[in-house]
Amino acid sequence: MDLTEDKFSKVKDWLIEEGLMRKEVPDEMADWHYVVEFPQKSNQVSDVLKPKDRRIVLLITGIVLSENHFRAFNSLTEEKKRKLIHRWKMDLIFRKADFRFLPDSFNLQKVEFSLPVFEDELSKSTVIHGLRELFKCKLYIIWNVQHEFDRHPETSYYI
């Protein structure tokens, strides 16, 4: 193992040290792929993986609309959907994470967030800060959906 590979192999140790590691999953497209829970005991999961033949670690997460929220979103007029998604795009564009609406912004079922950590900036700090960034993006969508569609949103324990 060369020094660079050793650097990538430390990611698992960092995730375990911070109590974030949930499981390792098989992935033909990756040298390794971990499912983590961030923050601890939140039930919010993300994927941390190193794609084969790439000198990068990818941090990925997503938020799936509940059935009630999916129906509520689809009950909006096209104009209201367009305005809501436009606001989300304008707000999210200033975050560090990349995002995409799946399958598309007018048939929204899921919002996916990703953040690359390149080899030259790979450290425990960048991985943890990256996971925090993804979590904040998820909170943005969760809180916006609750605000838009819940008449009596439950109090969230996230700050």
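The table below lists the values:
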read-out	value
Single condition R54 does not satisfy, out of (1) outside any loop (DSSP other than H, G, I, E, B); (2) farther than 30 Å from F106 by Cβ; (3) without any contact (Cβ under 8 Å) to a residue 24 or more places away in the chain; (4) over 18 Å from the mean Cα position of the chain (by Cα)	(1)
Leading residue by the ranking (nearest to K50 (Cα to Cα)) among those in segment 89-131 that are of a type in the set (A, V, I, L, M) and more than 13 Å from the chain's Cα centre (by Cα)	V117
Close pairs from segment 5-18: first farther than 12 Å from K50 by Cβ, partner among the aromatic types (F, W, Y) and surrounded by fewer than 16 Cβ atoms within 10 Å (Cβ to Cβ), Cβ under 7 Å, at least 6 apart	none
Conditions (1) assigned to a helix (DSSP H, G or I); (2) over 19 Å from N144 (Cα atoms); number of the one not met by R71	(2)
Selection count, segment 74-111, where residues are in a helix (DSSP H, G or I), within 17 Å of F135 (Cβ to Cβ) and acidic (D, E)	1
Out of I141, I60, I56, sole residue that is under 22 Å from R22 (Cβ atoms) and in contact with a Ser or Thr (Cβ under 6 Å, 6 or more places away or on another chain)	I60
Residue in segment 2-11 that is aliphatic (A, V, I, L, M), under 12 Å from L131 (Cβ atoms), modelled with pLDDT of 95 or more and assigned to a strand (DSSP E or B) present	no
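The values are calculated or read from the model by the stated rules, or taken from the named source; none is laboratory data. Everything quoted here is computed from the prediction, not taken from an experiment. Ideal geometry is used to build each Cβ from the backbone, glycine not excepted, and the neighbour counts take in all protein chains shown.
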